[in-house]
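Inspection log for the structure reproduced underneath, given as structure tokens.
Throughout, read-outs are computed from the coordinates displayed, never taken from laboratory work. These figures come from a predicted structure and were not determined experimentally. Cβ: placed from backbone, ideal geometry, glycine included. Neighbour counts: every protein chain shown.
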Amino acid sequence: MTDNDNDITTEDIPDTIAEILEKGEYRHTFFEMWSLALEDQLRATEAPLDLNVASGILGSYPWLTHGDLNAYRTQRADLLREALSAMDTILGEQRGKIFNESVEDWSRHKKLYMELIAEWNLLTISWGNGWTLIAQSGQPDPVGHAAIGDVSGLLLNNEYGIVEGLKTLKGFKFEDEDRKELNKMMGIDDDDE
């Protein structure tokens, strides 16, 4: 700052997004960013329904009707809560401490990130398997189809899912050994692939 506390210098201006991405160093851990993103999604899902939101949902999932909107939003909120609960379980009482350890985020928290990714993968598999059981009974659930696809994609889509952000972290490496470890955490035998 300058002599006048109201004057802003270039030192006070945060890095641009491009500079932050290039450095791979963030002010918050990805755990905190993910938590905030999921909480925001949950708040938006539970907010009163308006015309634009309804249009967006129906445009994204044309097999839904206006009569499906409340059921979709309820199921989406439940799935978001499950994803948040998985994170809370993995972070446990360390949550606040971990949220404040953004330096060397990947190397410091890699094991916990892997545990959460494994848990989210297992959740999405479970959701999909549950939907399949219902569909096999002759009654495919269009609401579940939309909600499960939406939240699964939000978490794990390999182009826009929130887990993909880890690739921008300084020091991020996900090698064959990491994939094997992730599969082990999920109970998948690499020999079965």
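Within 10 Å of each residue's Cβ, count the other Cβ atoms and sort 74, 124 from fewest upward. Can you show the working numbers first?
Numbers: 74 14, 124 20.
Least to most surrounded, the residues fall as 74, 124.
For Cα Rg over 2.2 N^0.38 Å, several values are listed as (i) 1.28; (ii) 1.23; (iii) 1.62; flag the one computed from this structure.
Calculated Cα Rg over 2.2 N^0.38 Å: the matching label is (ii).
For the pair residue 28 and residue 164, how long in nm is the line joining their label points, each one 7 Å along Cα→Cβ?
So the label points at residue 28 and residue 164 sit 2.0 nm apart.
May I ask you to evaluate 6.51 cos²θ - 1.76 cosθ + 1.60, the Karplus curve with θ = phi - 60°, for each residue of the range 159-173 and list the ³J(HN,Hα) values in order in whole Hz, giving x for glycine and proline?
Coupling constants for the range 159-173: 10, 10, x, 5, 5, 4, x, 4, 4, 8, 6, 4, x, 5, 9 Hz.
Before rounding to the nearest 500, sum -39500 (n - 2.57) across all DSSP H runs of length at least 4 in the chain and divide by the residue total; then give [θ] at 222 nm in deg cm²/dmol. Walk me through the numbers before you get to the answer.
Working: 8 runs with 119 residues, N = 193.
Value at 222 nm, helices only, nearest 500: -20000 deg cm²/dmol.
With an 8 Å cut-off on Cα pairs and a minimum separation of 6 or more residues, tell me the relative contact order of the chain in percent. Intermediate values should be presented prior to the final figure.
Numbers: 157 pairs, mean separation 51.4, N = 193.
Worked out over the chain, it gives 27 percent.
Using θ = phi - 60° and the Karplus relation 6.51 cos²θ - 1.76 cosθ + 1.60, list the HN-Hα couplings for the range 25-31 in order, rounded to whole Hz, with x at every Gly or Pro.
Coupling constants for the range 25-31: 10, 10, 7, 10, 6, 5, 4 Hz.
If you place +1 on the Cβ of every Lys and Arg, -1 on the Cβ of every Asp and Glu, and leave all else neutral, what size is the dipole of the chain about its Cα centre, to the nearest 20 Debye?
Working: 17 positive and 38 negative charges, 125 e Å.
Here the chain has a charge dipole of around 600 debye.
What is the order of 181, 46, 159, fewest Cβ neighbours within 10 Å to most?
Values: 181 16, 46 13, 159 6.
Taking fewest neighbouring Cβ atoms as first place, the list is 159, 46, 181.
Going by C-beta contacts inside 10 Å, put 145, 109, 66 in order with the fewest on the left. Mind dumping the intermediate values first?
On the way: 145 18, 109 21, 66 10.
So the residues, fewest neighbours to most, are 66, 145, 109.
Multiplying the sequence separation of residue 51 and residue 100 by 0.36 nm and subtracting their Cα-Cα distance, what value in nm do you get? Please report the intermediate quantities before stating the final value.
Details: separation 49, 0.36 × 49 = 17.64 nm, distance 3.90 nm.
Going from the current span to full extension adds 13.7 nm.
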